[in-house]
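The values are calculated or read from the model by the stated rules, or taken from the named source; none is laboratory data. Quick caveat: nothing in here was measured; it's all calculated off a predicted structure. Backbone-built Cβ (ideal geometry, glycine too); neighbour counts: all protein chains shown. The area values use the complete protein model at the heavy-atom level, side chains included, leaving out ligands, DNA and RNA. Shrake-Rupley method; radii C 1.70, N 1.55, O 1.52, S 1.80 Å.
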Amino acid sequence: MISGIRLLKKFRAIFASFYRRLASVVLCLYFVIFSCNINADTLYLTSLHWPPFAGEQLKKQGACIAITKAALEAVGHTVVVDFFPWSRAVRMASRNDSKYLGYLPEYVYPTDKFVFSQAMARSVLGLVEQKSHPVSWTQQSDLNHYTIGVVQGYVNTNELDEMMAKGSQPFEVVASDLHNLNKVATGRIDAAIIDEHVLKYLLAQPNMAHVRNKLQFNKKFLTYKELFVAFKNNQEGRMWRDRFNLGLAQIDVQQILENNMHQ
């Protein structure tokens with residue numbers, strides 16, 4: 001009887017030790033998870049419908065958004081992207097009282113308001129034209145003989161933007177690339193500035209069948225353009241830029257582009 005009591009006490013001691021250790025493990029896991037949640041921040045960005053690079057309805061919201069999310073996930077953070085017309089997307093990211101700390105995708109341009117990430121993609125900027133009336137030019141000043149369509153708020157080439165500002169380059173401003181395609185197709189303008197990948201995507205859509213065979217990309221491109229995330233030029237914006245750049249170096253950018261450019 002005495003030995004049975006001793007054996008029972010021994011089992012109780014073993015179980016008590018086991019539960020103490022289990023409680024310690026659970027507590028440690030709780031603190032690890034809790035500390036991860038504290039350190040995992042969320043970045044808010046704005047963007048626009050610019051397929052295949054960005055778009056709310058696209059797979060992974062487009063190639064540039066997919067890269068941005070993968071880069072920040074690689075360093076333990078998350079991204080929420082809200083979509084607006086381009087001018088509003090930039091304006092929302094510029095406001096000091098806004099939760100947004102940047103916007104994408106963007107070309108590099110001179111500004112004190114934003115700092116730019118490392119490049120996440122590269123593409124060709126050129127002219128869409130009618131197949132029956134191609135635009136002939138050698139240097140960009142030759143385009144002064146044509147009326148060119150541009151999208152409001154878009155950065156084009158430095159030379160063309162300067163000529164437009166001075167009044168030597170005839171141009172018309174529209175709200176989207178899609179508007180420009182329809183204007184070129186109906187002959188209301190001679191050509192329009194557009195990214196090659198954007199043109200291919202838009203012309204492949206079923207609702208563009210009526211103009212698909214009328215339009216083409218001009219054989220001479222304007223320039224190569226790299227795409228970036230533009231972050232607010234303040235302490236928090238620069239911190240997120242550094243986080244993004246760190247994560248970008250840890251992911252396979254080219255593979256993500258290939259998986260998301262052909263939608």
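Listed values, structure above:
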{"item": "Pairwise FRET efficiency - His210 versus Glu162, Cβ, R0 = 41 Å, nearest 0.05", "result": "0.70"}
{"item": "Within the accessible area of the range 109-263 (1.4 Å probe), percent carbon and sulfur", "result": "48 percent"}
{"item": "Value of relative contact order over the range 64-204, rounded to a whole percent, pairs C-alpha under 8 Å and six or more apart", "result": "25 percent"}
{"item": "Surrounding net charge for His262, when Lys and Arg each add one and Asp and Glu each subtract one, Cβ distance under 11 Å", "result": "+1"}
{"item": "Selection of GluC sites (Glu not before Pro), the range 53-132, meeting DSSP coil and at most 14 other Cβ within 10 Å", "result": "Glu56"}
{"item": "Accessible-area value, Asp161, 1.4 Å probe, nucleic acids and ligands omitted, Å²", "result": "50 Å²"}
{"item": "Heavy-atom accessible area ranking, 1.4 Å probe, most first, across Phe114, Phe171", "result": "Phe171, Phe114"}
{"item": "Partner lysines for Lys183 [C-alpha distance under 16 Å; skip if fewer than 8 residues away on the same chain]", "result": "Lys131, Lys214"}
{"item": "Local electrostatic count at Ala230 - Lys and Arg +1, Asp and Glu -1, tallied over other residues with Cβ under 10 Å", "result": "+2"}
{"item": "Centre separation in Å (Cα based) which lies between the range 166-238 and the range 110-140", "result": "8 Å"}
{"item": "Residue-normalised accessible area of the range 93-215, given per residue in Å² at a 1.4 Å probe", "result": "49 Å²"}
{"item": "Among the listed pairs Lys200/Lys225; Lys200/Lys220; Lys59/Lys113; Lys69/Lys219, those beyond 28 Å (Cα-Cα)", "result": "Lys59/Lys113; Lys69/Lys219"}
{"item": "Counted charge near Phe244, where neighbours are those whose Cβ lies closer than 14 Å (Asp, Glu -1; Lys, Arg +1)", "result": "0"}
{"item": "Asp82-Tyr224 FRET efficiency (beta carbon distance; Förster radius 30 Å; 0.05 resolution)", "result": "0.55"}
